[in-house]
1. Between R98 and H227, what is 0.36 nm times their sequence separation minus the Cα-Cα distance? Round to one decimal in nm.
2. How far, in degrees from 0 to 90, does helix 323-335 lean away from the longest principal axis of the Cα atoms of the chain, to the nearest 10?
3. Give me the distance in nm between label points sitting 7 Å out from Cα along the Cα-to-Cβ direction at R335 and S347, one decimal.
4. Quick one: how many lysine pairs in the chain have C-alpha atoms under 16 angstrom apart, if they're 8 or more apart or on different chains?
5. In a shell of Cβ-Cβ distance under 10 Å around G102, excluding G102 itself, what net charge do Lys and Arg (+1) and Asp and Glu (-1) give?
6. Pull out a ≥ b ≥ c, the square roots of the eigenvalues of the alpha-carbon gyration tensor of segment 214-322, then state rounded if a/c is under 1.5, prolate if not and a/b is larger than b/c, and oblate in the remaining case.
7. What is segment 7-79 by shape, rounded, prolate or oblate, if you read a ≥ b ≥ c off the alpha carbon gyration tensor as root eigenvalues and call it rounded for a/c under 1.5, prolate for a/b larger than b/c, and oblate otherwise?
8. Which order do you get for K307, K79 if you rank them by accessible area with a 1.4 Å probe, largest at the top?
Amino acid sequence: MEIIASAPGKQVLLGDYAVLEGAPALVLAVNRRAQARVVLRDDGECNVVAPDLDISDAAWTIDRDGALRWQCDEAAAAKLALVDHVWDGLLREGLAPRVEQGLSIHLDTSGFFHGEGAARVKLGLGSSAALTVALASALATCAGHEDALADRVQWVRRLFHMHGGWQGGRGSGVDVAAGVAGGLISYQLMGEERTPHFMHEAWPVQGLHWLFVWSGQSVSTANSLKHLAQWRATHGADYAAHMGRLGAISTSAVQALRQRETQSFIGLTKDYATALQNFGDACGLEIYSPAQKQLASMAAEANVSYKPCGAGGDFGVVFAEDSERLATFERAIVRADMHVIPLPLDSDGVSCHMRQVASSPLMDL
């Protein structure tokens with residue numbers, strides 16, 4: 001028997017950074033998927049295979065308390081820290097499988113890379129969150145708890161803590177929510193408990209055209225969040241002022257999108273981009289890489305809206321009312337040796353299936 005689960009990546013359209021302080025974010029699930037395959041074995045052996053981490057066969061066991069213990073070298077175990085967090089989270093929730101007969105876990109994040117060979121570069125699309133969603137869903141299903149996936153809002157809340165622990169508690173959970181929910185969602189951390197909540201939003205919107213541009217470089221979200229936490233600790237008032245400005249714009253933009261006020265929405269994305277650049281300059285984060293500053297200048301000349309996505313530095317999103325104007329801008333990007341990366345909407349979110357190995361067809365759970 002094997003269980004196959006997959007979950008999409010994400011792009012943050014609005015609410016970058018401000019979502020950490022309770023502002024609404026607009027998050028789009030994109031069709032680049034992480035996959036986790038869990039195979040039940042008869043020989044009592046347990047291992048992990050993760051080609052994208054250069055892990056070919058990392059052995060593990062389960063102790064009396066149900067905790068995962070690595071039987072591989074420390075370097076390989078360190079690469080698999082996310083698996084530890086997911087397993088521990090499932091164990092706390094009573095959702096971890098029993099593995100008396102053995103269990104193989106196969107992890108695949110190849111869809112989150114661009115290029116081949118030495119030129120292969122990881123894209124900033126939330127691969128760790130997508131893998132968290134896929135792996136937790138596969139393992140919970142393996143344990144006979146597929147019902148845990150049925151209430152997607154509650155499943156996001158459970159996974160939020162698993163992935164957040166891996167990030168040191170600094171993440172917002174937008175990427176986890178996108179991986180579970182699919183489509184375009186508005187996402188917020190509600191109340192003093194910072195409880196994740198999301199709603200699906202209509203997408204696409206008539207008269208609103210967009211494309212994603214990649215700067216060609218990889219960026220560590222974890223490093224950005226760590227730097228931000230340090231700056232916040234010493235510049236509390238400045239941090240609050242910038243977050244207030246970003247949050248107010250994001251709130252207005254979400255409302256404009258819901259009311260199909262396309263022109264207003266695009267104008268607010270431009271306002272957000274300016275506020276985001278001011279914030280980055282103040283706290284010392286390179287939200288706008290040199291390539292993105294060039295793109296922002298080109299966008300202003302073309303009268304389209306451009307802003308970085310998420311932590312910044314790698315991806316940006318361009319909005320326009322006029323499809324031809326956007327096409328003209330895209331041609332200019334290509335001439336400038338920039339990268340337009342097709343990222344179609346993924347409307348499904350997490351998907352999980354079970355099948356008999358090499359015998360019976362897939363069955364949706």
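1. Working: separation 129, 0.36 × 129 = 46.44 nm, distance 3.96 nm.
Taking R98 through H227 to full extension adds about 42.5 nm, to one decimal.
2. Computed tilt is about 80 degrees.
3. According to this spin-label approximation, the distance is 3.7 nm.
4. For the chain, qualifying lysine pairs total 6.
5. Details: positive: R41; negative: D42, D43, E45, E100.
That sum, taken over residues with Cβ under 10 Å, equals -3.
6. It comes out oblate by the Cα gyration axes.
7. Judged from the Cα gyration tensor, segment 7-79 comes out prolate (a/c at least 1.5, a/b above b/c).
8. Working: K307 0, K79 100 Å².
Descending order: K79, K307.
The values are calculated or read from the model by the stated rules, or taken from the named source; none is laboratory data. Being a predicted model, the structure only gives us computed values, none of them experimental. Cβ coordinates were reconstructed from backbone atoms using ideal geometry, including for glycine residues, and neighbour counts include every protein chain displayed. Only protein heavy atoms, including side chains, enter the accessible area calculation; ligands, DNA and RNA are left aside. Shrake-Rupley method; radii C 1.70, N 1.55, O 1.52, S 1.80 Å.
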